[in-house]
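The structure appears below as structure tokens.
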Amino acid sequence: MGASGDTLKIVLILPELEEGGVERHVVSLSAAYVARGHEVWVVSRGGALVRALAPGVRHGTMPVHAKNPLTAAWSAIALAKEIRREKWHIIHAESRVPAWVAWWASALAGVPWGVTAQSCYSCNAGLFPFRRADFVVACSEAVRRHQEACQPGLSMEVIPDGVPSPGLSWRGPSSGDPVTFLFVGRLTAVKGIDLAVDAFLELPEGLPPWRFLVVGDGPLRENLENKVRRAGQEGRISFLGFQQDVFPLMARSSCLIFPSRVEGMPLVLSEAMAMGVPVLASDIEAVRGMVKESHALVSGEGAGLWAKKLEEIIIKGAPPPLTPSGDFGFDSMVERYLATYRRVIEEKAGDVSLGGKAPGSEGRPGREGTNERGEGRGDLC
């Protein structure tokens, strides 16, 4: 096959398809590939967003999230068998642990592979496969600088995560509604939801009516709900759980709260800017690299600092929407990835013809479906 204009068969691997920016990114990316006439196989441990995959996108359930080397090796063997049997062309991993599976499967199946770093990962041995990839992409300049500092000599291309058009614009709350703050994301410490809740609990009485809607789920949810209940603020702070379509809530909010401590290129921030939603965000490198202004950024982790900004918004109104600092277009991201795939496929074509039979292709297809979590000693990272 000539990779320059023919249909590509692309394997996308990520740990799971639960809520989260990376997961929604893969859902959108796979849909765009299929819409352009390519074949896509998404491999993950499964999750709520499997049903959000576009018609024509295949999903395979494997424990590719597991850090246990034996489980990762099993996944790689099963994946390689299926790749050889159906002649898939390229493997694209969207995280560290799946990068190990992709690397080993690539070697077994004789196809190229690559990885996208979606966050500033810890500098440890878990990043070793990055040095063996046919392409390595960072989702932002902040991630590229961090990962190249972790691995001197590693060269990464930056392809910003674009977002499809949300189809809605910001309108704000209806007349008579309270000032409405919104958080969208996993309820984890790295996302700063604990900081946001503490800040709202510090607000003084006597302010104009306000409410805080928390969209998402995660390990901190129960503790935070208990904290809100003990403070008697259940009427103002609501935990809505996972919502597949967050755009209507964003369109009707007064301000999106983004208190993350570490990020790669936050999808929800890109979506907010595309919709014109006002944002109050952490002053971290990834955010600074995405926006032109700093008027809506909060420096420091203290809940008191955030509470002061929240009180100001409740009294005076939300800050102007943030302006993107660059081109984070969705279509340009898709085309850059497809060009990267074709480049590495052509580079590998001298060794294995894409239309031919890869070594060992007589193997049986890999099994799908497992409940194995792969937990235990011998973690990959």
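Toward the positive end of the charge dipole of the chain, with +1 on the Cβ of Lys and Arg and -1 on the Cβ of Asp and Glu, the farthest Cα among 61, 279, 17 is that of 61.
Any idea what the relative contact order of the chain is, in percent, if you count C-alpha pairs under 8 Å spaced at least 6 apart?
Details: 768 pairs, mean separation 81.6, N = 381.
Contact order relative to length: 21 percent.
Across segment 13-128, the volume of the C-alpha convex hull divided among the residues equals 97 Å³ per residue. Between residue 151 and residue 242, the distance separating the two model label sites (each 7 Å from Cα on the Cα→Cβ line) works out to 3.0 nm.
Quick one: if the Förster radius is 45 Å, what FRET efficiency do residue 301 and residue 70 give, using the C-beta to C-beta distance and rounding to 0.05?
With a Förster radius of 45 Å, E is 0.70.
Between residue 171 and residue 7, how high is the FRET efficiency from 1/(1 + (r/R0)^6) when r is the Cβ-Cβ distance and R₀ = 41 Å? Nearest 0.05. Calculated value: 0.50.
Any idea what the relative contact order of segment 179-316 is, in percent, if you count C-alpha pairs under 8 Å spaced at least 6 apart?
Details: 217 pairs, mean separation 42.7, N = 138.
Across segment 179-316, relative contact order equals 31 percent.
Every Cα-Cα pair of segment 144-195 was included, and the share exceeding 16 Å stands at 72 percent. Orientation-averaged projection of the chain equals 19.1 nm² [convex hull of Cα atoms, one quarter of hull surface area].
Pairs 227/309; 191/309; 9/191: which are spaced more than 25 Å apart, C-alpha to C-alpha? Don't skip to the end; give the middle numbers.
Details: 227/309 21 Å; 191/309 18 Å; 9/191 34 Å.
The pairs that break the limit, which is 25 Å between Cα atoms, are 9/191.
Put a dot 7 Å past the Cα of residue 283, heading toward its Cβ, do the same for residue 346, and the two dots end up 4.6 nm apart. Taking the inverse of the mean reciprocal distance over all distinct Cα pairs, the Kirkwood hydrodynamic radius of segment 179-316 comes to 15.0 Å.
Throughout, read-outs are computed from the coordinates displayed, never taken from laboratory work. Because the structure is predicted, anything quoted here is derived from the model rather than measured. All Cβ positions, glycine included, derive from the backbone under ideal geometry; neighbour counts span all protein chains shown.
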